[in-house]
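Chemist: Just dropping this structure here.
The values are calculated or read from the model by the stated rules, or taken from the named source; none is laboratory data. As the structure is a computational prediction, the values presented were derived from the model and not from experiment. Every residue, glycine as well, gets a Cβ built from its backbone with ideal geometry; the counts of neighbours run over all protein chains shown.
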Amino acid sequence: MHKKILRISRICVVEDKRCQGIATQMINALRKEAAWQYDALSISFSVNPITLAFWQAQQGQAVRVGIYRNKWQGAYALLMLIPLNDTMQVITHDLHKHFNRHINYHRFYPTIIRRLASDDGKPAAVDENTAASNLDSVLQGHRDIHWALPFLSAYYGHSAHKKTPENSKIANEINNKKLRNSLNKTQKAALIAKLRQLIKI
């Protein structure tokens, strides 16, 4: 079932009127009006302490974060959702679990982002179809390998999937990529080439 999400591109309050609850009032009014035809509000912004604190106060939940810092502020882009109904609350909660998996796998994110990962439930186990889908999206060039690595690591790192030497080798190769920095183009190409040779799913 498709969900309708209303994106908030930007919200501004003139400087001498800030910190008076005006922005919060605007969001509350929008939330009430949007609930009739939308399932959630979405916000994407470059992470900084002030902006992040504001959207957390509006009950925004982190569901996705960029892999690379942007060129303008040297910050990571963060996507948050504000659910407007119970169904979307469940969906957002599940998306946040995937966010946790991503953050806990990649070690290069700064503390301000790592603190957004919660212990509120573990992500669902990754089955063969999910692992295959993530791998295929990378091999087809539709997705950056950074997005797939947490899923592949979860699948091949599970003891039940290490029965063959090939799977054990895959698990070791993937888990060795838990670097302090994101992979550059050369590193990504090398890892993808190895996955093409090793993975038969």
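Chemist: Going through the stretch 60-88 one residue at a time, which ones are assigned to a helix (DSSP H, G or I) and surrounded by fewer than 16 Cβ atoms within 10 Å (Cβ to Cβ)? Lay out the reasoning, then the answer.
Modeler: Filtering the stretch 60-88 down to residues assigned to a helix (DSSP H, G or I) leaves 86-88.
Scanning the stretch 60-88 gives Asp86, Thr87.
Chemist: Looking at Ser118, Ser137, Ser133 in this structure, which one is in a loop (DSSP other than H, G, I, E, B) and either at pLDDT below 80 or over 27 Å from Gly60 (Cα atoms) (or both)? Give the derivation first.
Modeler: Numbers: Ser137 fails: in a loop (DSSP other than H, G, I, E, B); Ser133 fails: in a loop (DSSP other than H, G, I, E, B).
Result: Ser118 is the single residue among Ser118, Ser137, Ser133 that is in a loop (DSSP other than H, G, I, E, B) and either at pLDDT below 80 or over 27 Å from Gly60 (Cα atoms) (or both).
Chemist: A further question follows. Name, by its number, the condition in (1) outside the structural domain of Leu81 (by TED's automatic domain parsing); (2) modelled with pLDDT of 80 or more; (3) under 27 Å from Ala53 (Cβ atoms) that does not hold for Asp144.
Modeler: Status for Asp144: all satisfied but (3).
Chemist: Select from the stretch 39-58 the residues that are under 17 Å from Gln89 (Cβ atoms) and either touching a helix residue (DSSP H, G or I) at 6+ places or on another chain (Cβ under 9 Å) or of a type in the set (A, V, I, L, M, F, W, C) (or both) and write down the one among them that is surrounded by the fewest Cβ atoms within 10 Å (Cβ to Cβ).
Modeler: Here is the first cut: in the stretch 39-58, the ones under 17 Å from Gln89 (Cβ atoms) are 39-43, 55-56, 58.
If we keep only those that are either touching a helix residue (DSSP H, G or I) at 6+ places or on another chain (Cβ under 9 Å) or of a type in the set (A, V, I, L, M, F, W, C) (or both) as well, we get 39-41, 43, 55, 58.
On the way: Asp39: 21, Ala40: 25, Leu41: 24, Ile43: 20, Trp55: 20, Gln58: 18.
Per the stated criteria, the residue is Gln58.
Chemist: Considering the stretch 16-33 alone, what residues qualify as being within 20 Å of Ser46 (Cα to Cα) and not hydrophobic (A, V, I, L, M, F, W, C)?
Modeler: Arg18, Thr24
Chemist: On the basis of being surrounded by 14 or more Cβ atoms within 10 Å (Cβ to Cβ) and at pLDDT 80 or above, does His161 make the cut?
Modeler: Working: surrounded by 14 or more Cβ atoms within 10 Å (Cβ to Cβ): yes; at pLDDT 80 or above: no.
Considered against the rule, which asks whether it is surrounded by 14 or more Cβ atoms within 10 Å (Cβ to Cβ) and at pLDDT 80 or above, His161 comes out as no.
For (1) within 23 Å of Tyr156 (Cα to Cα); (2) aromatic (Phe, Trp, Tyr), each residue gets a yes or a no:
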position	(1), (2)
Leu78	no, no
Thr92	no, no
Phe108	yes, yes
Thr111	no, no
Arg115	no, no
Gly141	yes, no
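Chemist: Would it be correct to say that Ile91 is of a type in the set (A, V, I, L, M) and within 24 Å of Ala23 (Cβ to Cβ)? If you could, list the steps in order and put the result at the bottom.
Modeler: Numbers: of a type in the set (A, V, I, L, M): yes; within 24 Å of Ala23 (Cβ to Cβ): no.
For Ile91, the condition - of a type in the set (A, V, I, L, M) and within 24 Å of Ala23 (Cβ to Cβ) - is not met.
Chemist: If you don't mind, there's one more thing I want to ask. Take the conditions among the polar types (S, T, N, Q), in the same structural domain as Phe54 (by TED's automatic domain parsing) and at pLDDT below 90 and apply them to Asn85. Does it pass? So that I can check it myself, show each step before the final result.
Modeler: Details: among the polar types (S, T, N, Q): yes; in the same structural domain as Phe54 (by TED's automatic domain parsing): yes; at pLDDT below 90: no.
The answer is no for Asn85.
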